[in-house]
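Participant: Questions regarding the structure given below will be posed in turn.
The values are calculated or read from the model by the stated rules, or taken from the named source; none is laboratory data. Keep in mind that this is a model prediction, so the values were computed, not measured. Please note: Cβ atoms are built from the backbone with ideal geometry, for glycine as well, and neighbour counts cover all protein chains shown. Protein only, heavy atoms only, side chains kept; ligands, DNA and RNA dropped before computing areas. Shrake-Rupley method; radii C 1.70, N 1.55, O 1.52, S 1.80 Å.
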Amino acid sequence: MSEAPLQVAVVGAGWAGLAAAVAAHEGGARVTVFEAAPHPGGRARRIVHRDAQNLDNGQHILIGAYAECLRLMRHVGVPIEQALLRRPLSLRFPGGDGLCLPDWPAPLDALAGILGARGWSWRERLALLGASLRWQLAGYRCPPGQTVQALCQGLPPRLMAELIEPLCVSALNTLSASASAEVFLRVLRDSLAGPSGGSNLLIPQVDLGALWPEAAVRWLQRQGHTVHLAQPVQALQHGHGGWQVDTSTQRFDRLILACPAWEAQRLLGRLEGLPPDQQQAVDTWCRLAAGLQHAAIATVYAQAESRSATPLRLPEPMLALRSGPQAPAQFVFDRGQLGGPKGLLAFVVSASPAADRHALQAEVLAQGMQALAACGLSTLQPLLTVLEKRATFVCSPGLRRPPTEVLPGLQACGDHVQGPYPATLEGAALSGSAAGRRVTAR
Ligand SMILES: Cc1cc2nc3c(=O)[nH]c(=O)nc-3n(C[C@H](O)[C@H](O)[C@H](O)COP(=O)(O)OP(=O)(O)OC[C@H]3O[C@@H](n4cnc5c(N)ncnc54)[C@H](O)[C@@H]3O)c2cc1C
């Protein structure tokens, strides 16, 4: 007689929760997903502006090394070649200066890119090659307490401003002075020094809902699983070898918490009647979750007109920007080249000081007008500024993140749990897939 399938509940339908649900399905479980928001995707979700225009909760970018995200997208039938624009790594500024790798196999692409970087002196190019060689010879390892700034000590200021700082804030959402060099080197190893194409930029050409979460929900439903949207979980109960979610009478054999760290902490903090050893494990998990600090990311959407009264088209779909105290954005994306309306720009402020949204928007628009004048920009009309205050955890040196296993039968997943990467879609997807596999491993 075949065994009844395990009943698995997943709290949260961000990239981690949906990855966990897909993996639990592969492990033979019957899955029920509870999501608080009316749409799946979590921090990487579509938002509809003024009931008309599809925008994203924040402009996102993937890279070729996001193997788990790409595997999951293929798995649920997302046409990757249409959904993502693949480009060799480019950190070009509006005037054309900066790094741009040719479409060659690794590591020749990085070597040629550094030697051919525009606007850098030979001393700067050789300094970067020297540092890259030292990092490679050290196996991309460094003391756990080191910051990116300390790792890069001695690199010329232009390299810090035009390469290291933009890479560091975009990958770790943490400024180099307080970012973990260990994690930064791991990202460099897996992208620039990994298999060919790992450093490629994969820029979404569809909104973030269509990129994966909505396809994943439809796929789960087709397999007979249940996804409850707009159903925030208020409380959990544990007993008789299983779990109950809110007041539902359904009993789950396993539970996966795929909500953000603070929400998982709230739900765990309300569990009652645990034996002392389990209570201690929960307390430890909650203490580590409470120790995470968070950093903001802002995305300023604006409609651009060019001097020829036609919508602006930037020289590349993504350009780096010189950022500073009154110029907070590090990147601008031309969504008109990415499946969006012509002239729609998205300015990204990572590690944002989380200032007042209107003040931030005004600074970014002024920065954009100045930086993109050479591209023919004449006007910028603000559309929407999304300031996500707890966008990611601050990826500081030696940070201890909460573990995946909370209790037997209870796993946590998300970009915040222990894992190799900073808070990214790939980190979330990897941790979700691992949690889904673990709960179904008999
Ligand atoms: C503005 C911005 C820009 C970013 N840019 C990039 C980028 O370019 N590249 C990249 O790789 N990463 C980027 N990230 C990070 C990336 O979005 C996250 O790492 C990833 O989305 C985290 O996924 P997650 O599933 O772990 O968490 P979340 O996306 O937070 O998902 C958790 C889900 O749980 C739900 N939930 C919460 N409480 C409950 C409850 N009580 N009951 C039921 N459901 C609940 C939430 O509604 C949410 O849907 C960015 C993040 C932001 C905010």
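Participant: If you take the residues of the stretch 282-302 that are closer than 30 Å to Gly340 by Cβ and surrounded by 22 or more Cβ atoms within 10 Å (Cβ to Cβ), which of them is farthest from the ligand (Cβ to nearest atom)?
Facilitator: Taking the stretch 282-302 as the starting set, the residues that turn out to be closer than 30 Å to Gly340 by Cβ are 294-302.
From the residues that got through so far, the ones that are surrounded by 22 or more Cβ atoms within 10 Å (Cβ to Cβ) too are 295, 297-302.
Details: Ala295: 10, Ile297: 4, Ala298: 7, Thr299: 6, Val300: 11, Tyr301: 12, Ala302: 16 Å.
Ranking the qualifying residues of the stretch 282-302, first place goes to Ala302.
Participant: Out of all the residues in the stretch 310-318, is one or more within 16 Å of the ligand (Cβ to nearest atom), in a loop (DSSP other than H, G, I, E, B) and under 30 Å from Pro341 (Cβ atoms)?
Facilitator: Kept after step one, since they are within 16 Å of the ligand (Cβ to nearest atom), are these residues of the stretch 310-318: 317-318.
Those still in the list that are in a loop (DSSP other than H, G, I, E, B) too: 317.
Cutting the leftovers down to under 30 Å from Pro341 (Cβ atoms) gives us 317.
Checked the stretch 310-318: at least one residue is within 16 Å of the ligand (Cβ to nearest atom), in a loop (DSSP other than H, G, I, E, B) and under 30 Å from Pro341 (Cβ atoms).
Participant: Applying the selection to the stretch 1-25, what residues are open to solvent by 40 Å² or more (accessible area, probe 1.4 Å) and either within 13 Å of Arg437 (Cα to Cα) or within 15 Å of the ligand (Cβ to nearest atom) (or both)? Spell out how you get there, then give the answer.
Facilitator: Of all residues in the stretch 1-25, those open to solvent by 40 Å² or more (accessible area, probe 1.4 Å) come to 1-5, 7, 25.
Hit for the stretch 1-25 is His25, nothing else.
Listed here are the residues, each with its yes/no results for (1) under 15 Å from Glu214 (Cβ atoms); (2) in a strand (DSSP E or B); (3) within 8 Å of the ligand (Cβ to nearest atom).
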{"residue": "Val33", "(1), (2), (3)": "yes, yes, no"}
{"residue": "Pro40", "(1), (2), (3)": "yes, no, yes"}
{"residue": "Arg43", "(1), (2), (3)": "no, no, yes"}
{"residue": "Met73", "(1), (2), (3)": "yes, no, no"}
{"residue": "Leu91", "(1), (2), (3)": "no, yes, no"}
{"residue": "Pro94", "(1), (2), (3)": "no, no, no"}
{"residue": "Ala106", "(1), (2), (3)": "no, no, no"}
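Participant: Of the conditions (1) more than 11 Å from the ligand (Cβ to nearest atom); (2) open to solvent by 60 Å² or more (accessible area, probe 1.4 Å); (3) assigned by TED's automatic domain parsing to the domain that holds Ala29, Ser248 clears all except one; give me its number.
Facilitator: (2)
Participant: Do we have Ala161 as modelled with pLDDT under 95 and surrounded by 18 or more Cβ atoms within 10 Å (Cβ to Cβ) here?
Facilitator: no
Participant: Among the residues of the stretch 328-341, is any open to solvent by less than 60 Å² (accessible area, probe 1.4 Å), without any contact (Cβ under 8 Å) to a residue 24 or more places away in the chain, more than 24 Å from Asp207 (Cβ to Cβ) and not assigned by TED's automatic domain parsing to the domain that holds Pro422?
Facilitator: No, the stretch 328-341 contains no residue that is open to solvent by less than 60 Å² (accessible area, probe 1.4 Å), without any contact (Cβ under 8 Å) to a residue 24 or more places away in the chain, more than 24 Å from Asp207 (Cβ to Cβ) and not assigned by TED's automatic domain parsing to the domain that holds Pro422.
Participant: Yes or no: Arg50 open to solvent by 10 Å² or more (accessible area, probe 1.4 Å), within 16 Å of the ligand (Cβ to nearest atom) and either out of contact with any strand residue (DSSP E or B) (no Cβ under 7 Å at 6 or more places or on another chain) or of a type in the set (Lys, Arg) (or both)?
Facilitator: Details: open to solvent by 10 Å² or more (accessible area, probe 1.4 Å): yes; within 16 Å of the ligand (Cβ to nearest atom): no; either out of contact with any strand residue (DSSP E or B) (no Cβ under 7 Å at 6 or more places or on another chain) or of a type in the set (Lys, Arg) (or both): yes.
No: the conditions fail for Arg50.
Participant: For Ala150, are the conditions met, namely being modelled with pLDDT of 95 or more and open to solvent by less than 20 Å² (accessible area, probe 1.4 Å)?
Facilitator: When the stated conditions are applied, Ala150 does not pass them.
Participant: May I pose another question? Outside the structural domain of Glu388 (by TED's automatic domain parsing), farther than 21 Å from Ala295 by Cα and loosely packed, with under 15 Cβ neighbours inside 10 Å: is that true of Gln136 in this structure?
Facilitator: Values: outside the structural domain of Glu388 (by TED's automatic domain parsing): yes; farther than 21 Å from Ala295 by Cα: yes; loosely packed, with under 15 Cβ neighbours inside 10 Å: no.
It is false that Gln136 is outside the structural domain of Glu388 (by TED's automatic domain parsing), farther than 21 Å from Ala295 by Cα and loosely packed, with under 15 Cβ neighbours inside 10 Å.
Participant: Gln279 fails exactly one of the following numbered conditions: (1) surrounded by 14 or more Cβ atoms within 10 Å (Cβ to Cβ); (2) more than 16 Å from Gly17 (Cα to Cα); (3) under 31 Å from the mean Cα position of the chain (by Cα). What is the number of that condition?
Facilitator: The single condition Gln279 does not satisfy is (3).
Participant: When the residues of the stretch 394-437 are narrowed to those that are within 13 Å of the ligand (Cβ to nearest atom) and of a type in the set (Asp, Glu), which ends up nearest to Gly42 (Cα to Cα)?
Facilitator: For the stretch 394-437, the residue satisfying everything is Asp415.
Residues are listed down the side, and each one gets a yes or a no for (1) among the hydroxyl-bearing types (Ser, Thr, Tyr); (2) open to solvent by less than 30 Å² (accessible area, probe 1.4 Å); (3) free of Cβ contacts under 8 Å to residues at least 60 places away in the same chain; (4) within 19 Å of Gln337 (Cα to Cα):
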site: Gln82; (1), (2), (3), (4): no, no, no, yes
site: Pro102; (1), (2), (3), (4): no, no, yes, no
site: Pro107; (1), (2), (3), (4): no, no, no, no
site: Gly116; (1), (2), (3), (4): no, no, yes, no
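Participant: Still on this model: Could you pull out the residue among Thr440, Thr385, Thr379 that is within 16 Å of the ligand (Cβ to nearest atom) and hydroxyl-bearing (Ser, Thr, Tyr)? Don't jump to the end; show me each part of the working.
Facilitator: Numbers: Thr440 fails: within 16 Å of the ligand (Cβ to nearest atom); Thr379 fails: within 16 Å of the ligand (Cβ to nearest atom).
Among Thr440, Thr385, Thr379, only Thr385 is within 16 Å of the ligand (Cβ to nearest atom) and hydroxyl-bearing (Ser, Thr, Tyr).
Participant: A follow-up question, please. Hey, does the stretch 46-65 have a residue that's among the basic types (Lys, Arg) and within 15 Å of the chain's Cα centre (by Cα)? Let's see the steps before the verdict.
Facilitator: So the first thing to find is which residues in the stretch 46-65 are among the basic types (Lys, Arg), and the list is 46, 50.
Imposing the further condition that a residue be within 15 Å of the chain's Cα centre (by Cα) reduces the set to 46.
Yes, some residue in the stretch 46-65 is among the basic types (Lys, Arg) and within 15 Å of the chain's Cα centre (by Cα).
Participant: If we scan the stretch 165-176, do we find a residue that is within 20 Å of Leu425 (Cα to Cα), modelled with pLDDT of 95 or more and assigned by TED's automatic domain parsing to the domain that holds Gly17?
Facilitator: Within the stretch 165-176, not a single residue is within 20 Å of Leu425 (Cα to Cα), modelled with pLDDT of 95 or more and assigned by TED's automatic domain parsing to the domain that holds Gly17.
Yes/no matrix, rows are residues, columns are (1) more than 12 Å from the ligand (Cβ to nearest atom); (2) surrounded by fewer than 20 Cβ atoms within 10 Å (Cβ to Cβ):
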residue: Leu208; (1), (2): no, no
residue: Ala216; (1), (2): no, no
residue: His225; (1), (2): yes, no
residue: Gln234; (1), (2): no, yes
residue: Gly241; (1), (2): yes, yes
residue: Leu271; (1), (2): yes, yes
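Participant: Can I ask one more? Take Gly28 and decide whether it is in a loop (DSSP other than H, G, I, E, B) and surrounded by fewer than 24 Cβ atoms within 10 Å (Cβ to Cβ). Let's see the steps before the verdict.
Facilitator: Working: in a loop (DSSP other than H, G, I, E, B): yes; surrounded by fewer than 24 Cβ atoms within 10 Å (Cβ to Cβ): yes.
Yes; evaluated as a whole, the condition is true for this residue.
Participant: Now a separate question. Tell me whether the stretch 56-70 contains one or more residues that are more than 16 Å from the ligand (Cβ to nearest atom), open to solvent by 30 Å² or more (accessible area, probe 1.4 Å) and not basic (Lys, Arg).
Facilitator: Restricting attention to the stretch 56-70, the residues satisfying the condition of being more than 16 Å from the ligand (Cβ to nearest atom) are none.
No, the stretch 56-70 has no match at all.
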